[in-house]
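Everything below concerns the one structure shown next.
Where a number appears in this text, it was derived from the coordinates with a stated rule and is not lab data. Here the structure is a predicted model, which is why all the values come from computation and not from measurement. Every residue, glycine among them, receives a Cβ derived from its backbone with ideal geometry; neighbour counts consider all protein chains shown.
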Amino acid sequence: MNDDDTSSAIYPNPILPGFNPDPSVVAADGAYYIVTSTFEYYPGLPVYRSHDFVTWEQVGNVGTRLGQLAVTEVPTGLGVWAPTIRYRDGVFYVIVVIPAGRGCVVFTATDPAGEWSDGTVVEGLNGIDPDLAWDDEGTAYVTYSGLVMSGDELGTHLGIQQVKVDLATGAILEEPRSLWSGSGFMFPEAPHLYHRGEYWYLMIAEGGTERGHGVSIARGTSPEGPFTAYEANPFLTARSTIRPVQNTGHGDLVEGPAGQTLIVLLGVRPGGGTRAFSPLGRETFVSTVDWIDDWPVAQPVLLSEQRPIDSVRFDAPLDDRWMAVRRTPAEIAAIDAERGVLTLTGDGSTLDDAHPVFVGRRQLTWSVTSQTTVDVSNGTGGLGVRYDQQAHYEIEARTDGDEVVVTARASVPSFSREWSGRLPAGPVTLHLDSAAPEADGFGPDMMTSDFVSLWASSGVPGGAYQELRLASVDGRYLTAETAASFTGRVIGLYATAGTVAFDGYDATGV
Ligand code: 6LW
């Protein structure tokens, strides 16, 4: 199939833009549900719903309470990794491994919007990317990637493993068994087991979550194997192609609205002259699969981006899309509905710290203009874009006599730089915009993904309006390829000292 084919572009792609890696999908009750990974953020494991695969709405989160995930002290890079969502007999299940948190946990809910259960730990499962499947007798199989995450064997990869589990207690009922583990590419992971027709299929990702990523499959007549590999493996990969969506892998299959099999999977959109940097991190895409001789034939993952506007007024409780770092948004954010502002009270921590006073939302589009208007008469705070605590750019304000001091800051591993200027006292609007570089032929700017502009304004256009353009920072240091974590960009509001009032938050895709 050539890359110009548009058959899978019937769905907007990415279907879940921005920081939404490791998707898993299930169809139930006439709807589709997807969950994705969230690492150190609360709430964790967003639940997205669609009836047509075109419009997706976040209906809730699995991990809304601290104890469900236990990621309050999790190191950068760990926390809530890849989940699987399944449905059986009226109950939704999400199984996930939380390295440095609770380990392997199974959550249940009758309504995927929540509330979800406290979770049952599958004791002793040492691996990642658990899948959940049942045979006809109702035996529950957990199939997982045997990447050892703790103990003396840390980092050893045992291939794809499987155990029978008692879901009521979390007890593992047997010694882990090794299953087919791919074609020999690195990091066999993200296994999913499906019963389709006369076969059980074991689908996995292999090649690593970077450019070598791909999806491979094998089949057999029992959920325990043995499995016979498909000769066209990896049957879906973008490796070494010029396709706009790269790193495609970590997929999950579902029957789509038109009866066709769909594969929901992660991918990135690298930019720059050598297509090297992906500012939005790993996002969720969809493509179509045809079955030929009972083997899957996948279409390439096509890009058909939308440009959502994310505009929030603070006259109601924060919605499910707000996230905070290793703490819940409710712990730090207060809504003053009468004034229509959100207030954050700083505690001396900054975005360099493990527990910043920061609430944010996923950056949804590559090019974005974002802004908030702040009252800093009683505190210091601002607007920042965060990949993790080592990699973030921000613009903040504080009052100094009859002026407002505005500071832009870029922090990347080992380095930090600041720019400062002044505006008249009063409310200031802080701006953080991201855009691909202006064309400069073969100049140095062409190599990067984007520039992040940090600037401020006071007054209103036409009145005593003033702009303070402080910095335009190369965005490549906040990308999937350069950051220490598996996350994506989150743009948010923060305070470092005193109480700061934020009047709205707007992020417009351009
Ligand atoms: C995820 C695994 C992966 O569990 O990254 O390398 C992990 N690939 O499938 C975190 O997203």
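Report the residues of segment 480-502 in range of a label on S414: point 7 Å along Cα→C-beta, backbone N strictly under 16 Å from it. What the label zone holds, given the 16 Å backbone N cut-off, is 482-484.
Arranged from fewest to most other beta-carbon atoms within 10 Å of their beta carbon, M149, M447 become M447, M149. Give the shape of segment 226-341 as rounded, prolate or oblate, defined through the alpha-carbon gyration tensor: a ≥ b ≥ c are the square roots of its eigenvalues, a/c under 1.5 means rounded, and otherwise the shape is prolate if a/b is larger than b/c and oblate if not. Verdict is prolate for segment 226-341. Only the Cβ atoms of Lys and Arg (+1) and of Asp and Glu (-1) were treated as charged; on that basis the dipole of the chain about its Cα centre amounts to roughly 700 debye. Each of E137 and A171 was given a label point 7 Å from its Cα along the Cα-to-Cβ line. The distance between the two points is 1.7 nm. Hey, with R₀ at 45 Å, roughly what FRET efficiency would F442 and A28 work out to, going by the Cβ-Cβ distance, to 0.05? Efficiency at R0 = 45 Å is approximately 0.30. Placing unit charges on each Cβ (+1 for Lys and Arg, -1 for Asp and Glu) gives segment 309-509 a dipole about its Cα centre, and among V428, T369, S411 the Cα reaching farthest toward its positive end belongs to S411.
Once the C-beta distance of W291 and I335 is scaled by a Förster radius of 56 Å, the resulting FRET efficiency is 0.65 to the nearest 0.05.
Classify segment 24-250 from the C-alpha gyration tensor, please: rounded if a/c falls under 1.5, else prolate or oblate depending on whether a/b exceeds b/c.
rounded
Under a model in which nothing but the beta-carbon of Lys, Arg (+1) and Asp, Glu (-1) is charged, segment 309-509 shows a dipole of about 260 debye around its Cα centre. Rounded, prolate or oblate: pick one for the chain, where a ≥ b ≥ c are the square roots of the eigenvalues of its C-alpha gyration tensor, a/c under 1.5 means rounded, and failing that, prolate if a/b is larger than b/c, else oblate. It comes out prolate by the Cα gyration axes.
Residues of segment 12-55 with an amide N closer than 15 Å to a point placed 7 Å from the Cα of D347 along the Cα-to-Cβ direction: 42. For the pair V405 and T110, the difference between a 0.36 nm per residue extended length and the Cα-Cα distance amounts to 101.1 nm. Computing FRET efficiency as 1/(1 + (r/R0)^6) for E255 and V460, where r is the C-beta to C-beta distance and R0 is 41 Å, gives about 0.20. In this structure, the amide hydrogen of W134, modeled 1.01 Å from its nitrogen in the peptide plane, lies closer than 5 angstrom to those of Y141, counting only residues at least 5 positions away or on a different chain.
Note that segment 296-302 has calculated 3J(HN,Hα) couplings of x, 10, 9, 7, x, 7, 9 Hz, one per residue in order, obtained from phi through the Karplus relation 6.51 cos²θ - 1.76 cosθ + 1.60 (θ = phi - 60°); glycine and proline are x. Here the spin labels are modelled as points 7 Å beyond Cα on the Cα-Cβ line, and at V54 and E467 they lie 3.8 nm apart. Between V121 and V510, the simple label model (points 7 Å from Cα in the Cβ direction) yields a spacing of 4.9 nm.
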